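Structure first, commentary second.
The values are calculated or read from the model by the stated rules, or taken from the named source; none is laboratory data. Note that the structure is predicted; figures quoted are calculated from it, not measured. Cβ placement follows ideal geometry from the backbone for every residue including glycine, while neighbour counts extend to all protein chains displayed.
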């Protein structure tokens, strides 16, 4: 955009960008050498500022900010940082990200210096798609992304037709986001998408009136393929369908240090409610279930309407370890149609601990025998892990569901 200040990355700007970056949450773990995290600021990188009350004909500076995130996105390029000042940004068109950054020079979209940014999709027409209707692809998401090498962090996205919808996306990082009360899944990644990292996501109360709860998940990586996608430190709760859903995603996904609870209950009084209510749905695909070797490590699933963890028909080689399930309406671990390996997991007071099938089980609570109940653990109060995050954006440490006798079973936070 003409008239924007070309801010050279000198010492002053580097300090400012550092303040912006620190405000969202802690830096995620590094990806590969070609990932966004390996980037140093480009010599011609710009800081583009957006603020409520700004003007899209402005210079995009702190003194003369733009008014809309879309204007900043349209004018950005590799290495640039879009810093959004605090406030609520009510959308009448979704934010569309179609231009990619580059390896070593991602584009960053972030809140400015710890300020609270809310992107509200309530006024988007697709947020109110009628029962049985479909959402056109281009209208999916308050943020609709079909681009690579972006870092998006520190934003709250609410009441959109999906919160974030990302298709054909590679080498992106999504950090410290909140996606809540959206009219489909809070965050959905699909299509040919590889090497994306999702860290410290809070996604809750997402629901879909048009499907009576059938498909609004906290986080869905589904209907696609692509290597190297990872989830770390997410909390996925009180969603109409599942906490996490990997339906028809045919490449391995790694999930660690993640919590899914309270999913699959009809909190919206939908008629003929159809929410599934699993904590972690590890694949599956209907009549022909594709095999995918997903992994789940050091995670929790509790008080979900259905299973804590289910393979959902995925015949792949799942790896599930150091994970805890508690008071789920179905099995803690349902892996009867996969070739899963279950190791050092803990089930407490689920309808049944495990539905194993031909999967391999070793060193789990049901293998060790004895009685495993609420008196077996140090705490059954989830208040700490479901409360405010730590200063670095991580889930706080807690004795929740940690074995009292020191057994090396289940998750630790």
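Restricting attention to segment 330-347, the residues that are surrounded by fewer than 24 Cβ atoms within 10 Å (Cβ to Cβ) and farther than 10 Å from residue 360 by Cβ add up to 5. The set of residues in segment 154-172 being crowded, with 24+ Cβ neighbours inside 10 Å and either farther than 14 Å from residue 96 by Cβ or within 14 Å of the chain's Cα centre (by Cα) (or both) consists of 154, 155, 157, 162, 163, 164, 165, 166, 171, 172. Can residue 358 be described as under 28 Å from residue 315 (Cβ atoms) and either in contact with a helix residue (DSSP H, G or I) (Cβ under 8 Å, 6 or more places away or on another chain) or exposed (fewer than 15 other Cβ atoms within 10 Å of the Cβ) (or both)? The answer is yes for residue 358.
Just for segment 131-148: of the residues that are touching a helix residue (DSSP H, G or I) at 6+ places or on another chain (Cβ under 6 Å) and more than 12 Å from residue 95 (Cβ to Cβ), which one is surrounded by the most Cβ atoms within 10 Å (Cβ to Cβ)?
It comes out as 135.
Which one of 19, 5 is closer than 17 Å to residue 151 by Cβ, surrounded by fewer than 18 Cβ atoms within 10 Å (Cβ to Cβ) and either out of contact with any helix residue (DSSP H, G or I) (no Cβ under 8 Å at 6 or more places or on another chain) or modelled with pLDDT of 95 or more (or both)? After ruling out the rest, the residue left standing is 19.
With respect to (1) within 23 Å of residue 46 (Cα to Cα); (2) part of a loop (DSSP other than H, G, I, E, B); (3) under 21 Å from the mean Cα position of the chain (by Cα); (4) free of Cβ contacts under 8 Å to residues at least 60 places away in the same chain, the lone exception for residue 79 is condition (3).
Restricting segment 113-130 to residues that are surrounded by fewer than 18 Cβ atoms within 10 Å (Cβ to Cβ) and touching a residue at least 60 places away in the same chain (Cβ under 8 Å), the residue that is nearest to residue 273 (Cα to Cα) is 130. Residues in segment 233-254 that are under 16 Å from residue 173 (Cβ atoms) and either buried (at least 21 other Cβ atoms within 10 Å of the Cβ) or touching a helix residue (DSSP H, G or I) at 6+ places or on another chain (Cβ under 6 Å) (or both): 233, 234, 253. The residues in segment 364-393 that are touching a strand residue (DSSP E or B) at 6+ places or on another chain (Cβ under 9 Å) and part of a loop (DSSP other than H, G, I, E, B) can be counted, and the count is 9. Can you confirm whether residue 223 is part of a loop (DSSP other than H, G, I, E, B), in contact with a strand residue (DSSP E or B) (Cβ under 6 Å, 6 or more places away or on another chain) and modelled with pLDDT of 95 or more? Answer is no for this residue.
Here is a list: 322, 303. Which entry is within 15 Å of residue 243 (Cβ to Cβ), touching a residue at least 12 places away in the same chain (Cβ under 8 Å), surrounded by fewer than 24 Cβ atoms within 10 Å (Cβ to Cβ) and out of contact with any helix residue (DSSP H, G or I) (no Cβ under 9 Å at 6 or more places or on another chain)?
303
Taken as a whole, segment 162-181 holds no residue that is closer than 25 Å to residue 271 by Cβ and in contact (Cβ under 8 Å) with a residue 60 or more places away in the chain. Among the residues of segment 205-223, just one is surrounded by fewer than 21 Cβ atoms within 10 Å (Cβ to Cβ) and free of Cβ contacts under 8 Å to residues at least 60 places away in the same chain, namely 223. Note on segment 361-399: residues that are without any contact (Cβ under 8 Å) to a residue 24 or more places away in the chain, crowded, with 17+ Cβ neighbours inside 10 Å and under 17 Å from residue 237 (Cβ atoms) total 1. Here 398, 361 are screened, and the one residue that is part of a strand (DSSP E or B) and either touching a strand residue (DSSP E or B) at 6+ places or on another chain (Cβ under 8 Å) or within 22 Å of residue 307 (Cα to Cα) (or both) is 361. Within segment 210-220, can one find any residue that is in contact with a strand residue (DSSP E or B) (Cβ under 6 Å, 6 or more places away or on another chain) and either over 25 Å from residue 108 (Cβ atoms) or part of a loop (DSSP other than H, G, I, E, B) (or both)? Among the residues of segment 210-220, at least one is in contact with a strand residue (DSSP E or B) (Cβ under 6 Å, 6 or more places away or on another chain) and either over 25 Å from residue 108 (Cβ atoms) or part of a loop (DSSP other than H, G, I, E, B) (or both), which makes the answer yes. Considering only residues of segment 100-112 that are in a loop (DSSP other than H, G, I, E, B) and over 22 Å from the mean Cα position of the chain (by Cα), which is surrounded by the fewest Cβ atoms within 10 Å (Cβ to Cβ)? Looking at residues that are in a loop (DSSP other than H, G, I, E, B) and over 22 Å from the mean Cα position of the chain (by Cα), I get 104.
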